[in-house]
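Asks: One structure, as structure tokens, below. Some questions next.
The values are calculated or read from the model by the stated rules, or taken from the named source; none is laboratory data. Only a predicted model underlies this, so the values are computations on that prediction, with no experimental measurement involved. Glycine also receives a Cβ, built like all others from the backbone with ideal geometry; neighbour counts cover every protein chain displayed. Only protein heavy atoms, including side chains, enter the accessible area calculation; ligands, DNA and RNA are left aside. Shrake-Rupley method; radii C 1.70, N 1.55, O 1.52, S 1.80 Å.
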Amino acid sequence: MNIDSQLKLQAYLDGELKAGQTRQVAEWLDKDPEARALFAELQHTTTIMTGNEPPVKLPVPGEFFWARIEREITARPSPRPRYSWAQWWRVLLPLGAVGLLVALLLPRDAAPGKASSVATLKGMEVETYLPNSQVITFRSESEGVSFVWVDTR
Amino acid sequence: MNWGEANASAADFKVRAQLIWGTDDAKPTKPYVKELDPKLRSKLRLLKWRNYFEIKDPRFLDNQTFSLATGVSKRVRISELCEIEVKHLGGSNIEVKLIGEGRLVQKVSQALPKGEYLFLAGNVKEKTNEAWIVALSAIDE
């Protein structure tokens with residue numbers, strides 16, 4: 001079986017084919033044991049992957065993280081077009097956002113009784129004395145609220 | 001001394017502390033679990049829980065407001081295991097220490113102008129659908 005046929009089977013499994021193609025592949029599967037075997041293997045792989053994907057949960061709602069990232073983004077100066085920074089920006093921006101997210105999620109270890117300073121907002125200082133905890137700060141000027149979230153899971 | 005027993009002068013900084021429970025579950029039947037004031041509830045809309053209740057356990061929070069002169073701190077118990085210590089640093093600036101089971105857990109310094117809220121919050125161990133929140137606000141009363 002060539003690679004195109006294999007890809008067609010994968011597309012059929014993923015529901016990406018048009019109605020006519022779907023019919024053709026279904027008929028092909030009825031007639032070809034090799035195609036059926038590959039299709040069964042692909043189904044099995046998909047089931048294993050979707051059923052065993054490790055759950056990655058944010059300790060607080062995504063808005064917390066996004067608000068922080070958005071603030072960082074808007075605080076940065078606009079790129080100058082004559083140097084084609086826009087192209088770099090498309091790469092650097094997601095990388096920066098991911099880096100910031102990772103930094104926010106990194107556990108802040110503090111020895112018992114010893115403070116560990118954490119990333120803070122302007123005008124706010126936070127020290128945590130809790131080992132293996134994640135601290136997230138968030139500020140909304142429009143709402144007039146500041147949050148200090150500590151996650152100990 | 002209860003919180004309200006502190007003698008307040010006109011120059012004192014007046015603070016209100018409230019213990020809030022965020023949960024996806026229904027309201028518990030305990031009498032000291034109250035519906036949260038809608039205005040305060042609206043300030044929490046960035047959080048993800050479906051319901052928010054104020055815990056007004058008379059053993060700890062019989063009077064939720066207290067006054068502080070500059071440089072003075074006050075330690076108050078907000079639940080069986082948790083206390084806060086609030087210090088007035090001058091102006092609208094405060095320092096809040098969160099104390100869990102007698103040990104200092106966190107220290108936060110922040111300006112708290114009237115009408116604004118400072119929320120110290122965290123997850124409840126082993127429970128993804130619950131959170132504790134301590135709300136601090138400066139008041140006029």
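Asks: Evaluate the following for residue B:39: is it outside any strand (DSSP E or B), at pLDDT 85 or above, within 14 Å of chain A (Cβ to nearest Cβ) and open to solvent by 80 Å² or more (accessible area, probe 1.4 Å)? Spell out the reasoning first.
Replies: Working: outside any strand (DSSP E or B): yes; at pLDDT 85 or above: yes; within 14 Å of chain A (Cβ to nearest Cβ): yes; open to solvent by 80 Å² or more (accessible area, probe 1.4 Å): yes.
For residue B:39, the condition - outside any strand (DSSP E or B), at pLDDT 85 or above, within 14 Å of chain A (Cβ to nearest Cβ) and open to solvent by 80 Å² or more (accessible area, probe 1.4 Å) - is met.
Asks: Additional query: Mind listing just one residue for me: the one in the range B:73-126 that is part of a loop (DSSP other than H, G, I, E, B) and of a type in the set (Gly, Ala, Ser) and, of those, modelled with the lowest pLDDT?
Replies: Checked the range B:73-126; the qualifying residue modelled with the lowest pLDDT is B:79.
Asks: So residue B:46 fits all but one of (1) in a strand (DSSP E or B); (2) facing another protein chain (nearest Cβ under 10 Å); (3) under 17 Å from residue A:151 (Cα atoms); what number is the exception?
Replies: Failing condition for residue B:46: (1).
Asks: Related question: Out of the residues in the range B:49-60 that are part of a loop (DSSP other than H, G, I, E, B) and closer than 25 Å to residue A:138 by Cβ, state the one that is least open to solvent (accessible area, probe 1.4 Å). Steps first, please.
Replies: Initially, the range B:49-60 is screened for residues part of a loop (DSSP other than H, G, I, E, B), giving B:49-50, B:56-60.
Filter again for closer than 25 Å to residue A:138 by Cβ, leaving B:49-50.
On the way: B:49: 12, B:50: 160 Å².
Filtering first and then ranking leaves B:49.
Asks: Considering only residues that are more than 16 Å from the chain's Cα centre (by Cα) and within 14 Å of chain A (Cβ to nearest Cβ), which ones fall in the range B:49-69? Lay out the reasoning, then the answer.
Replies: Going residue by residue through the range B:49-69, those that are more than 16 Å from the chain's Cα centre (by Cα) are B:49-51, B:69.
Answer for the range B:49-69, where residues must be more than 16 Å from the chain's Cα centre (by Cα) and within 14 Å of chain A (Cβ to nearest Cβ): B:49, B:50.
Asks: Shifting gears a bit: Residues of the range B:79-98 being of a type in the set (A, V, I, L, M, F, W, C) and open to solvent by less than 10 Å² (accessible area, probe 1.4 Å), which ones?
Replies: Step one: of the range B:79-98, the residues of a type in the set (A, V, I, L, M, F, W, C) are B:81-82, B:84, B:86, B:89, B:94, B:96, B:98.
Within the range B:79-98, B:84, B:86, B:94, B:96, B:98 meet the criteria.
Asks: Related question: Within the group B:129, B:123, which residue is at the interface with chain A (Cβ under 8 Å from one of its Cβ atoms), under 26 Å from residue B:29 (Cα atoms) and of a type outside the set (Gly, Ala, Ser)?
Replies: Values: B:129 fails: at the interface with chain A (Cβ under 8 Å from one of its Cβ atoms).
The unique qualifying residue is B:123.
Asks: Then there is this: Can you name every residue in the range B:99-111 that is exposed (fewer than 15 other Cβ atoms within 10 Å of the Cβ) and on the phi < 0 side of the Ramachandran plot? Please lay out each step first, then the result.
Replies: Taking the range B:99-111 and keeping what is exposed (fewer than 15 other Cβ atoms within 10 Å of the Cβ), we get B:101-103.
Listed by number, the list holds a single entry, B:103.
Asks: How many residues does the range A:140-153 contain that are crowded, with 20+ Cβ neighbours inside 10 Å and more than 7 Å from chain B (Cβ to nearest Cβ)?
Replies: Matching residues across the range A:140-153 total 0.
Asks: Where the second residue is open to solvent by less than 50 Å² (accessible area, probe 1.4 Å) and the first is farther than 13 Å from residue A:39 by Cα and lies in the range A:4-26, which pairs have Cβ atoms under 6 Å and are six or more apart or on separate chains?
Replies: From the range A:4-26, the pairs are A:17/A:11.
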